[in-house]
Each structure stands twice: as structure tokens, then as C-alpha cells.
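One structure is given here, and the rest of the page talks about it.
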Amino acid sequence: MSLEIAIVGGGATALYCLKHLFRQCAFSKPIAVTLYESGPHFGKGMPYDETLNADYMLCNAFSREIPPVTETLLQYLKGLPPRELTAWELSEHDLSARAFYPRVLIGEYLHSEFESLCNAAGQLGHRVTLEPKTRVTDVLNHANGAVVVSDAGDERTFDKVILATGHVWPRQPRIGQAKLLSPWPYTNITSLPATNIGILGSSLSAIDIAMALAFTHGTFEEQDGALSWRGNAGSANLRITMISKMGVMPEGDFYYPFPYQPLKILSPDAVAAEVKRGSDGLLERLFRLLHEELTASDPDYVASLGASAVTLEGFSAAYFKARRELGGLDAVKRDFRKTRASMRERRTIPYRYALLRAHENVDLALRAFTAKDWEMFQSTLLPVFTDCYAAVPHLSLARVIALHDAGVLHIRESGDDAVFQTSPEGGVTVVAGDSEFHFDVMIDARGQAPAPLAKLPFPGLVRSLKDETAPLVEPFRLETAAGPSNVYCLSMPQLLERHPFSQGLAEAEKNARVAVDEMVSAEP
């Protein structure tokens, strides 16, 4: 009898689970996989779905960083008819392994990969069953498998179940006493009039929201290599303000070698050795290795941070200091010149490259942190790493600067103690220190929030868990009171609780491989 597997969710994580399932079983007996997806499409997932995102929203992973399934993104694009490229405002000359593309276009690629993989699997004797527009309401683990319960009342038993439910967004987001507007679908934004609009956040999601407003109420025009924004008739009252704790925006993408070059000091082996020494003082020991790595790769940068940067708290403050002092969008304009030069001259920025690589190696130790170290990490190194790997495509930054130059877009710092309230006359009021801001509407751009296993939308499964507050650890197999379950959890909110760098296609592919490899190896 073939192995029967269910995957709950039909996005990119499900696609990569299929890839590794069929890779593992290519030379053994066929398997049967059933995929449940609440939406109509498979392979795309929320960040790449055209019903939720606009075609001017760019992915910040360049082409060759996206893990292939049957072919690379560049191969897929080169295989498109010229008329389809033209529809995306692309030509053959624009196609590059180092280029950034719209998320919706990447969604088309992922959907194509899903169909190609399913066809190839069928030819090898595997069976794939698709259940679109089907919401799973519970997963019930038992000794010899797990039961998947759907909203149609159907119950099916499988040998193994993978939860790949992706992002979860509240219908009515809030902060403090203030009601916010959800940015999904993007038509929530494009239906807004040209008015005084606040955006909570200043990272990639916030940039997407600002672009949706900019394209709705005006146009970008390029002349002599410079980009400008011109408002439509009736857009005179449009004012967009990003509100974030530090009032800064991530820097632009920069040139670095790919495949990646390994770090010499903060290496995976060095991290593993520190983990083996024990959890007490682990974060501090890793920070000392990071500081040594940065000093070796970019001593001038480390010197510029000042003497206080030799401590965890001091380093985090020094890292953001220059941008905070100059001011959010003025700092963006200054730093954009450096990152454009980096790309033009094919010259890396050593400290940024070291930090980009470092976050992956430090991630290997996060599950070994004490509660105290984890709390310290979240307030010190995590914001630094997140800022560094959230590098912004240059076209997006050019559009941001054009909006700022047009007097439309601003960033304001809220600090840690800002108060958010729904105003009696409507809208949202933000009180940050001595400053007060009022917006007719405020849009939530904070991104996906972490959530414990207790928040999984499967009550029977949650009740069976040994510890519903325990963080997920590799290989992501859930533990019940009776022992290891037949359920593997790759749901995004639960991953993020102790795997904070799990967003993105490369991480989805890696996590899928870890779960599938363990699942298949555990089978007799």
C-alpha cells in the first residue's frame, strides 16, 4: 500500500514539500498526496497571489535566490512568449539572474512549477489529489495516522499530515485602542480616497502600501534617468506617513557574491561549538564572534560605530544611529547613492554582507537560547538582522524617493511608548512623546506576527499536544501527550515564534526539506 500524505495549504511551502516528497520517493514505491487549499489556486500562496497583490509590488529576493523545482525562474521567463513579457513591461534584455521581479509574476512561475511537478509525479506513478476551495477545520492525530476534517464535513485518514497553512491576517487589525485597516487584499488600499493616510511600519510591506496609493492617485514618470511622481486630478490632499518605532527604512539592495561566501569566524561550526558549550551566556558568546567577524571584514565600519558598540545593546543602537539622526527618508536618499554604486561597480559592502550571512548562522542557535537571552536577542540583534536581510529593490526605493520629493511621503518615529487611539471624529490618533499625529485611516503594515502552537486553527490537534506553548524545533514534528505525532507543522505564525527568519521562498524550501526528509526516513 502506498504512503498517503495530506498537505494542508497549497502555497509555496506545499510546493516545496511536494518537491522533496517526490525526490525522496523517486526510486521507491509511489505515494499519494492530497492537498487542501482554501483558495482556488495552488503553488502561489498569499504573497504571490494576484487577487491579493498588485503587479507593481516587487519581491526583494532576486531571481537566482528563488529555489527552483523543475526549472529556474530565469529559465521560465526566457521561455515566455514575447507578448507575455511585454505585458509585464519586460523584454529579453531585462531578464537576469540578479534582477527583481513583481511578486505576482513570481506567483505565475510558482503555479507553473506546481503543475509541471504534478505532471512529472504522475508519470512516475505518484498520485496527487487537489482539494481547492476547501478549508480544513481540524486535524486529529492517532497512533497509525491522522484524520483531516474539512468544512464540508468530510473526514479522511492519512499516514502523515503536513501543515503548510502560510500567513494568517486578522480581519480587523488593532494596536492599542485603535482600529487599523488590513492591507489585504490590496484593493482595500486602492479604494481609499486621496486623504491623510498613516501606515504602521516602514519596511517592505509599508513600501507596498505606499506604492498602491501612489499608483492609484498618480503616475511615476522617468526623465533623464530620474524618477518623479505626478498626482492625478483630485490627489492634492494625499499625504502618506509611515509610523515606526525608530523612523527608519531598510537600505537598498547591494552587490554581493552568489553563491554565498562563508564567514570565517562566525561559521556554522563555530556556532555549533558554542551551542555545545551550553545555553548560559550563549547569546553573548555569539555576539563576540559576530563582532570579531565584522572587525575582520570591515574595520572602518566597526570603528565608526564608536566604543559603545562592543556590547549587544550598544551595537544595536549604533547600527541604526546614523539613519535615525539624519531622518528616515533623507537617510534613504543618502544611502541609496551608496547601494547604487555598489551594484554599478559590482563591489560589496563588507559589513552588510557579513550581517546578511551572520543571521543564517546565528539562527542555528536560537532554539538553544535561555528565555532571558531570547528576550535580549529580540530587542538587540533581531532588529539589526531583520533590517539587513529586508533590503529593498532599487526600483522600489526610487519610487519611495520620488514620492518623498513630491512632498507626499514621510516617516515619523513613534518610539516604544506611543499611544494609538481611535479618534472620536473618526480615524486614528498617535501620541508619540511630545508629538501627536492624526490620520483619516491607518493601515497595518507590521507583517506576520508570531503565534504559539495553541493558536493553530485545529482545536482537536491543539488539545492533543504535549505542550501547546513549546516552540517548534526541527524536524517540525508535533509532540502529543502520547509521543511523536504523525503531524508536521510548517505553519508560518508558529514557525516565526522561534524561527524568526522563516519568511521567504528559500526558507520555505529549506524547512520543507527538513520535515520531509525526517518523515520519509521514519517510514519502515
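The values are calculated or read from the model by the stated rules, or taken from the named source; none is laboratory data. Note that the structure is predicted; figures quoted are calculated from it, not measured. As a convention, Cβ positions derive from the backbone with ideal geometry for all residues, glycine included, and neighbour counts pool all protein chains shown. These accessible areas exclude ligands, DNA and RNA; they are computed on the full protein's heavy atoms, side chains included. Shrake-Rupley method; radii C 1.70, N 1.55, O 1.52, S 1.80 Å.
Counting only residues that are open to solvent by 20 Å² or more (accessible area, probe 1.4 Å), touching a residue at least 40 places away in the same chain (Cβ under 8 Å) and of a type in the set (Gly, Ala, Ser), how many does segment 224-243 have? Even if it seems obvious, please write down each step before you answer.
Step one: of segment 224-243, the residues open to solvent by 20 Å² or more (accessible area, probe 1.4 Å) are 224-234, 236-237, 239.
This time we only want the ones that are touching a residue at least 40 places away in the same chain (Cβ under 8 Å), so: 227-231, 234, 236-237, 239.
Next, only the ones that are of a type in the set (Gly, Ala, Ser) stay: 228, 231, 234, 236.
The qualifying residues number 4.
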Query raised in the report: With respect to the numbered conditions (1) aromatic (Phe, Trp, Tyr); (2) open to solvent by 30 Å² or more (accessible area, probe 1.4 Å); (3) at pLDDT 95 or above, which one is the sole condition not fulfilled by residue 88?
Result: (3)
**Report entry** Among the residues listed as 364, 403, 395, the single one being touching a residue at least 40 places away in the same chain (Cβ under 8 Å), of a type in the set (A, V, I, L, M, F, W, C) and open to solvent by less than 60 Å² (accessible area, probe 1.4 Å)
**Finding:** 403
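How many of the residues in segment 456-491 are in contact (Cβ under 8 Å) with a residue 12 or more places away in the chain and either hydrophobic (A, V, I, L, M, F, W, C) or part of a helix (DSSP H, G or I) (or both)?
Looking only at that region, the number is 17.
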Query - Residue under evaluation residue 313, criteria (1) touching a residue at least 60 places away in the same chain (Cβ under 8 Å); (2) open to solvent by less than 70 Å² (accessible area, probe 1.4 Å); (3) within 26 Å of the chain's Cα centre (by Cα), criterion not met - result: (2)
Query raised in the report: Given (1) at pLDDT below 95; (2) open to solvent by 60 Å² or more (accessible area, probe 1.4 Å); (3) in contact with a Ser or Thr (Cβ under 7 Å, 6 or more places away or on another chain), where does residue 93 come up short, assuming only one miss?
Result: (3)
Report task. Could you grab the pairs with beta carbons closer than 6 Å, sequence gap of 6+ or different chains, first residue in segment 506-524 and of a type in the set (D, E, K, R), second one open to solvent by 30 Å² or more (accessible area, probe 1.4 Å)? Result -> 518/475
Query raised in the report: How many residues are under 28 Å from the mean Cα position of the chain (by Cα) and open to solvent by less than 70 Å² (accessible area, probe 1.4 Å) if we restrict to segment 260-273?
Result: 8
Requested in this report: Of the conditions (1) out of contact with any Gly (no Cβ under 7 Å at 6 or more places or on another chain); (2) under 24 Å from residue 326 (Cα atoms); (3) β-branched (Val, Ile, Thr), residue 362 clears all except one; give me its number.
Outcome: (2)
Query raised in the report: Can you tell me which residue in segment 64-79 is surrounded by the most Cβ atoms within 10 Å (Cβ to Cβ), limited to those that are hydrophobic (A, V, I, L, M, F, W, C) and in contact (Cβ under 8 Å) with a residue 24 or more places away in the chain?
Result: 73
Query - Count - residues of segment 453-484 that are in contact with a Lys or Arg (Cβ under 7 Å, 6 or more places away or on another chain) and β-branched (Val, Ile, Thr) - result: 2
